[in-house]
Amino acid sequence: MEKLIIEGGRELVGSIQISGAKNAALPLIAATLLAPGIHELTNVPDLRDTRTILALIGELGCTCRRQGSTLYIDSSDVAYSEVSYDLVKTMRASVLVLGPLLARLGRAKVSLPGGCAIGERPINFHIRGFERLGVHCTLEQGYVDARREGELKGGTVHFDIPSVTGTENLLMAAVLARGTTVLKNAAREPEIGNLIDMLNNMGAEVEGKGTDQITIHGVDKLSAAKTAIIPDRIETGTYLMAIAAAGGQATLTGCEPGHLPALLDKLMEAGVEVKTAENSISVSMASNRRQALKGVDIKTMVYPGYPTDLQAQFMALMTLSSGICVIKETIFENRFMHVAELRRLGAQIQTEGNSAVVTGRGPEGLNGARVMATDLRASSSLVIAALAAAGRTEISRIYHLERGYENLVDKLNGLGAKVWKENE
C-alpha cells in the first residue's frame, strides 16, 4: 500500500488539463450493454473506478480496448446477467448495470453496492422505478434479483428525492420499454445530460435534458455509437481550491465553467480571483494575500446547488481563512470524516449533526502531519490542506484518491508542487 508525501508551502503556477468526468464515464460505460456492436467513448479517465466497471462488464461478455483516452467496447456477446459481490463491493456505481441488463436481457442479479463509507445511498429509488416499468424485484442474500415478464412498459416515476444513479438507471431501462416513460423530480446533473446524449446517439428518443422532468419514448432497438465524456467538474473544483489554498496563479483547461456555478460564486465571495473562458478557468491567489481569504458559508444541495462532492475541499480552504464559516451537509449523513484528519494539521473545526463550524487559522496557517484518507473526496481535502501547510504531510490509504483523480501527482508537480508516493 502506498502513501502520498507532500512538502507544503509552495505556490502553484502554470496550467492543468482536466480529465474526463468519472461520474459520467461510469454510466456511459454501463450503457454500452444496451446494444450490440462496438461503442466508442472518448475522453475516458483511466482510474480505479473506470477499471472496475470495465472488469464488471467484461464478466458480462464485453471486450474492451483502450487507446489513449478512447475506449472501444464490444458488447456483441453480452449474455451473463449476474454481477458478483467481489466487484460491486468496491464501487457503488456498479448498480448502474441493472437498467441496461433488464432492458436487453430481461433479468439482472446484482450484489448490493459498496464503495465509500460516507453514508447510506439506498437503491429503493431504483427498485420502485423498475417496478413501475413492470419489473419484479426481490432482495435476497445481499443481491437484488430483478426480472421482467415480457416487455418493459412505459410509466411515470416520481423520485421523492432527486437521485443521480436512480435517474440514470431508469433512463437506461426505459429507452427500450414499450410506450412512454416520464421521470419526475429527476436529477439534473451534467453527467445525466451526457448519458442522455449517448442514448440519443444510439437511437433513443429522450427529451428534457437539464430539467427535472425527463420523457423517454421507447424504441425497438439501439445501435452502437460514439460519445465524448464531459470534463470532470469535481476534479476542476478540487484544483481550483488547491491553487487558492496554496497560493499562486494557474489555468485549468478542457473544463466547463458552466457546470460549477455555485462553487465559482463561493470562491469569488471568499476573495479568490476567478476568470472564466469558454473551456477554461483561471484562478489567482497570491500567498501573501491569503490572510484576506474570507469565511463563506455553504450548504450542499442537489444540482445546480453546491455539490456535496466539493464540500470537504471547501472546508480545507476555509481552514485558511481569516473568518468563520458554517458548512451544512444535506446530502449524506456521514460526510465529515475528514474533520478529524484536518484537525491533525491544526484546523479548528467543530461539528454538530450535519453542520460544521470552521474558524479559519488566517496567517497562522496549517502545519504538516501524518493523516489518513477515509473516502475519495475527503482524501482530496487533505491534499489541499497539505499543499498549503508548512512542512511535510504524509497521507495514507491513497487508494481512495486513485478512484477519482487521474495523474494527480504529475499534475500537481507540473504546477510546482513537491508531491510523491512512497510505500507504507
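Taken together, the values in this text are just the output of simple stated rules run on the coordinates, not laboratory data. Given the structure is predicted, the values throughout are model-derived calculations rather than measurements. In this analysis, Cβ positions are derived from the backbone assuming ideal geometry, glycine residues included, and neighbour counts consider all displayed protein chains.
Can you compute the label reach from Glu151? Point 7 Å from Cα along the Cβ direction, backbone N cut-off under 19 Å, restricted to the range 92-106.
100-106
Using only alpha carbon pairs under 8 Å that are at least six residues apart, calculate the relative contact order of the range 300-424 and give it in whole percent.
23 percent
I want to verify a result. In a Gaussian network model of the chain, Cα cutoff 10 Å, which of these has the top mean-square fluctuation: His39, His158, His400?
Comparing His39, His158, His400 in a Gaussian network model of the chain, the most mobile one is His158.
Rounded to whole Å and ordered largest first, report the semi-axes of the equivalent ellipsoid of the range 22-228 derived from its Cα gyration tensor (root of 5λ).
Over the Cα atoms of the range 22-228, the ellipsoid semi-axes are 22, 20, 17 Å.
Once amide H atoms are placed 1.01 Å from N in the peptide plane, what residues at a sequence separation of 5 or more from Val135, or on another chain, have their amide H within under 5 Å of its amide H?
none
Divide by every residue of the chain the summed helix terms, -39500 (n - 2.57) for each DSSP H run of at least 4, and state the resulting mean residue ellipticity at 222 nm, rounded to the nearest 500 deg cm²/dmol.
That comes out to -8500 deg cm²/dmol.
Which GluC sites (Glu not before Pro) in the range 95-194 sit in a loop by DSSP (not H, G, I, E or B) and have at most 13 other Cβ atoms within 10 Å of their own Cβ?
Loop-located and lightly packed - Glu120, Glu149.
Note the full-extension length gain between Glu424 and Glu140 as 0.36 nm times their separation in residues minus their Cα-Cα distance, in nm to one decimal.
Fully extending the segment from Glu424 to Glu140 adds 98.3 nm.
Using θ = phi - 60° and the Karplus curve 6.51 cos²θ - 1.76 cosθ + 1.60, what whole-Hz ³J(HN,Hα) does each residue of the range 31-44 get, with Gly and Pro shown as x?
Rounded to whole hertz, the list is 5, 5, 5, 5, 9, x, x, 9, 8, 10, 10, 10, 6, 8.
Tell me whether the range 293-410 comes out rounded, prolate or oblate; compute the Cα gyration tensor, take square roots of the eigenvalues as a ≥ b ≥ c, and use a/c under 1.5 as the rounded threshold.
Note, shape of the range 293-410 comes out oblate.
Determine the dipole magnitude for the range 118-173: charges of +1 sit on the beta-carbon of Lys and Arg, -1 on that of Asp and Glu, nothing else is charged, the reference point is the Cα centre, and the result goes in debye to the nearest 20.
The dipole of the range 118-173 has a size of about 120 debye.
Quick one: length gained pulling Glu364 to Lys226 fully straight, 0.36 nm per residue minus the C-alpha distance?
Using 0.36 nm per residue and subtracting the Cα-Cα distance, I get 44.5 nm.
Return a whole-number percent for the relative contact order of the range 221-285, with Cα pairs under 8 Å and 6 or more residues apart as the contact set.
36 percent
Given 0.36 nm per residue, what is the gain on full extension from Arg107 to Ala277 after removing their alpha carbon distance, in nm?
Fully extending the segment from Arg107 to Ala277 adds 56.6 nm.
Let's test the formula: R0 of 25 Å, r as the Cβ-Cβ distance of Gln17 and Glu269. What FRET efficiency results, to the nearest 0.05?
The pair Gln17/Glu269 has a calculated efficiency of 0.35.
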